[in-house]
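K.L.:
Got a structure for you, written out below as C-alpha cells; questions coming shortly.
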Amino acid sequence: MHKLLARQLRKQFGSLDAVPESLRPLLTAVDAAYVQADDERAMLELSMENVSVELADRYNRLRNAIDEKDGVSQALSVLAATLESTADGIVVMDLDGRIVRSNSRFAALLQLPEEVLNARDETALFGFLSSRVEDPIALVAEASAAAQYTGRSTSDVVRFTDGRVFERYSLPQRIDGRTIGRVWTWRDVTEQRSLTAQLEQAQKMDAVGRLAGGIAHDFNNLMTVILSNAEFLQEDLTEGTPQRSDVDEILKSARRATTLTQQLLAFSRNQMLRLTVLDLNAVVYAVEPMLRRLIVEHIAIEIHTPAELCLVSADRSQMEQALLNLAINARDAMPRGGVLHIQTARARVMADDPIAARGVPAGDWILLQVRDTGTGIKREHLGRIFEPFFSTKALDRGTGLGLSMLYGIVAQSCGHVVVDSEVGAGSCFSIYLPETHGLPELEPVDVAPVMVAGRAGTALVAEDEDAIRHLMQRSLERGGFTVLCAANGQEALALARAYVGEIHLLVTDMLMPGLSGRDLAVAVRAQRPETRVLYVSGHSEDLVEWTGLVNAHSGFLAKPFTARTLDVAARELLGDSIP
C-alpha cells in the first residue's frame, strides 16, 4: 500500500487492521491511483531533468557562440586598427585581382582618386599608376609573376616620375593551407634612400678628396721647386733672349699647374683659406664687371641683392672664384642665349622645411643662388657633378674641376650646396653659408713681392724634403741670410744648441718625421726667445694649428711658394729686428 494512503488510514482508524472490510475494494483503487500519480510525477521529473540538460546545453552553445562572435569582432577590430595605424600602404587582393580590403594609407601614399578606389580591381589600379611610374612594365610584370607563383613572397622597388621611391612587398594569404589571395605592402622610402644616397655620396667625395688632397700636396712640393728654380733662371737671363722666353713659358705653365693644384686642394678641403667677414653682396658686385666680360652678349645677367648686409665668414678670393666657376658653367649651358640670375638673400631654415631634408640644417644662413635657363643636367649626372675631372662638356672645354673646387670651398666654409636641374629647363645652384656678424673687411689690394738683397741675419731651415730644403737655402742666401740646414726636427734642434751665434729666423715645415715643426719651435725658442718662426706647409690642418700659435714672433707660408715670396715673408716677420 502507498505510504501516503497508509498514513491517512492509521490516522483515521488507529491501524490498518481496523479498516472496515467494506472499504477494501475502494482502498485498492485509491492505492493504484497513488502509485500512478507517483509514476507520472517521476516521469515529469525525468522529463524536466532532460529539458534542463538540453536547455543548459543550448545555453552553453549559445554563450560559446556569443563569446566566439565577440572574439571574432575583437580580432577584426584589432586588425582594422592595425591596418590603419601603420605608416605603410596595405592592400589585400584575391586570386582574381579584386581588392578585398585596403587601408587609408594605401590610397594616400599612391594618391589614388575616388574612382580607382571604387573600382576595387587591379586593372583600374595599374591603369592609374602606369602613367606615374618610371617603369610601368615592371610594375605590372611583378604583380603578374606573384599571381603565377602563388606560394612565394615578392619584393621590388617602384620609382615614380615625381621622384618618390617605394619598396613593394607581397605575401600569399592562406586559410587552412590554401592560398586565397595576396597581401601587398607599399612603403615610402624616398627620404631614407635620399639620406642613404647623401651619405654614400659624402663618403665617396671624402675618399676622392683624400686622394686628390694627397696628390695635390705632393705636387705642391714639386711646383715649389719648379717655380723657384725657374725664377732663379729668369733673374739670371737677359730679357728678350730665347732662353729667357723659354723660362717665361716654363713659369707660365707652372703657374697654371699650380692653379689646378689649388683647385684639387679646394675640393679636398685642404686648401689654405683666409677666412674673413665678408658682405656677400659686395663680393657679387665686385665680380660683376668680370662676369660681363666673360658672358657673351646674348646672355642677360640679372643680379638681385637685399638692402641689408649678407655677412659670412669666408675667403674672398675663393668665393669670387666659386661665383666665376658657376657663371662660366651657366654660360656654357646657354649656347643659344638665355638669362643668368644671381641672387643673395638671408634665409632662415626651419627643421621641417623641405631644404632641411636635403642636408641644410636648421638655422640662419646666407643664400647665394646662381640660376640659368640653359640645357640643364641629366638626372644620372647629378650625383657626379662635384667629382674631380667629371665633365659633361667636350674634352677641350674645361678641366672638370670647377664644380669640385666649388664643393670644397663651400664645405670648408661650413656651407652646403643644393642643386636643382631639369633637362631643357636650366639649373639652379643654391649655396648656403652660415650667417655671421661683425664688420666686413675692405677689399684687399695686392702688392707684388720684391726680393731685397743685403744683410738679413741667420736662418735655421728644417725641412725633410731635400729639394725644398735646398731651395729654401738658396732663396734665403740670395736674400742675404746666413743659412743653417737640417733634414728633420731633431737635427735642427741639435744645430740650434750647438750654434754659438744668434739665430734670427727658424723656417720649419709643420709636418716632419719625429719632432714636428711646432715642437721644434717651442724647443728652440725656449733656448733662444728672440728667434722668430716661419712655419711652412701645404696642409690646411696645419694652418688651423698655426692660428693657435699666431703672435708677433711667428708667421705662416703656404706651399707652393717661390723664392720671392719666401724672402718677403721672412723679412716681414723679422721687421726691424735685424740691425
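K.L.:
Within region 305-343, can you find the residues that are in contact with a His (Cβ under 9 Å, 6 or more places away or on another chain) and closer than 26 Å to Leu275 by Cβ?
P.N.:
Leu311, Ile342, Gln343
K.L.:
The conditions are (1) open to solvent by 30 Å² or more (accessible area, probe 1.4 Å); (2) outside any loop (DSSP other than H, G, I, E, B); (3) at pLDDT 85 or above, and Tyr432 fails exactly one of them. Which is it?
P.N.:
(1)
K.L.:
Please list, ordered by residue number, the helices (runs of 4 or more DSSP H) wholly in region 443-551 having 2 or more residues that are in contact with a Cys (Cβ under 9 Å, 6 or more places away or on another chain) and at pLDDT 75 or above.
P.N.:
Those helices (runs of 4 or more DSSP H) span 466-478, 489-498.
K.L.:
For the list (1) at pLDDT 85 or above; (2) farther than 25 Å from Asp135 by Cα, I need the number of the one condition that Thr190 fails.
P.N.:
(2)
K.L.:
Let me ask you something else. Any idea which residue in region 459-486 is least open to solvent (accessible area, probe 1.4 Å), counting only those that are over 17 Å from Ala558 (Cα atoms) and in contact with an Asp or Glu (Cβ under 6 Å, 6 or more places away or on another chain)?
P.N.:
Gly479
K.L.:
Restricting the first residue to region 236-255 and requiring it to be under 22 Å from Arg478 (Cβ atoms) and of a type outside the set (Gly, Ala, Ser), which pairs with a second residue that is at pLDDT 80 or above and open to solvent by 80 Å² or more (accessible area, probe 1.4 Å) meet a Cβ separation below 6 Å and a spacing of at least six or different chains?
P.N.:
Once the first residue is under 22 Å from Arg478 (Cβ atoms) and of a type outside the set (Gly, Ala, Ser) and sits in region 236-255, its partners that are at pLDDT 80 or above and open to solvent by 80 Å² or more (accessible area, probe 1.4 Å) give Leu237/Gln243; Val247/Leu233.
K.L.:
On to the next question. Collect the residues in region 160-174 that are within 12 Å of Thr185 (Cβ to Cβ) and of a type outside the set (Gly, Ala, Ser), keeping them in residue-number order.
P.N.:
Phe166, Glu167, Arg168, Tyr169, Leu171
K.L.:
Can you pull out the residues in region 134-184 that are of a type in the set (Asp, Glu) and modelled with pLDDT of 90 or more?
P.N.:
Glu134, Asp135, Asp156, Glu167 - these are the residues of region 134-184 that are of a type in the set (Asp, Glu) and modelled with pLDDT of 90 or more.
K.L.:
Report, by residue number, each residue of region 328-364 that is assigned to a loop (DSSP other than H, G, I, E, B) and of a type outside the set (Val, Ile, Thr).
P.N.:
Ala333, Met334, Pro335, Arg336, Gly337, Met350, Ala351, Asp352, Asp353, Gly359, Pro361, Ala362
K.L.:
Let me ask another. Tell me, yes or no, whether region 340-355 has at least one residue that is at pLDDT below 85, surrounded by 15 or more Cβ atoms within 10 Å (Cβ to Cβ) and out of contact with any Pro (no Cβ under 6 Å at 6 or more places or on another chain).
P.N.:
No: zero hits.
K.L.:
Among the residues of region 299-319, write down those that are modelled with pLDDT under 85 and closer than 17 Å to Asn329 by Cβ.
P.N.:
Selection gives Gln318 alone.
K.L.:
Give me the pairs: first residue in region 98-115 and over 21 Å from Arg164 (Cα atoms), second residue open to solvent by 40 Å² or more (accessible area, probe 1.4 Å) and of a type in the set (Asp, Glu), beta-carbon distance under 6 Å, and six or more apart or on different chains, which are they?
P.N.:
Arg98/Asp121
K.L.:
Scan region 225-243 residue by residue and report those that are of a type outside the set (A, V, I, L, M, F, W, C) and either loosely packed, with under 15 Cβ neighbours inside 10 Å or touching a helix residue (DSSP H, G or I) at 6+ places or on another chain (Cβ under 6 Å) (or both).
P.N.:
Within region 225-243, Ser228, Glu231, Gln234, Glu235, Asp236, Thr238, Glu239, Gly240, Thr241, Pro242, Gln243 qualify.
K.L.:
Tell me, which residue of region 119-137 that is hydroxyl-bearing (Ser, Thr, Tyr) and assigned to a helix (DSSP H, G or I) is most open to solvent (accessible area, probe 1.4 Å)?
P.N.:
Thr123
K.L.:
Tell me whether region 556-579 contains one or more residues that are under 17 Å from Ala459 (Cβ atoms), modelled with pLDDT of 85 or more and loosely packed, with under 14 Cβ neighbours inside 10 Å.
P.N.:
Yes - at least one qualifying residue is present in region 556-579.
K.L.:
Taking into account only those residues within region 286-305 that are open to solvent by 60 Å² or more (accessible area, probe 1.4 Å) and within 32 Å of the chain's Cα centre (by Cα), which is nearest to Arg371 (Cα to Cα)?
P.N.:
That would be Glu302.
K.L.:
So Ala107 passes all but one of these: (1) open to solvent by 90 Å² or more (accessible area, probe 1.4 Å); (2) modelled with pLDDT of 90 or more; (3) not charged (D, E, K, R). Which condition number does it fail?
P.N.:
With (1) open to solvent by 90 Å² or more (accessible area, probe 1.4 Å); (2) modelled with pLDDT of 90 or more; (3) not charged (D, E, K, R) applied to Ala107, the lone miss is (1).
The values are calculated or read from the model by the stated rules, or taken from the named source; none is laboratory data. Since the structure is predicted, the reported quantities are computational estimates derived from the model, not experimental observations. When we count neighbours, we look across all protein chains shown, and the Cβ atoms used for this are built from the backbone with ideal geometry, even at glycine. Accessible surface areas use protein heavy atoms only, side chains included; no ligands, DNA or RNA. Shrake-Rupley method; radii C 1.70, N 1.55, O 1.52, S 1.80 Å.
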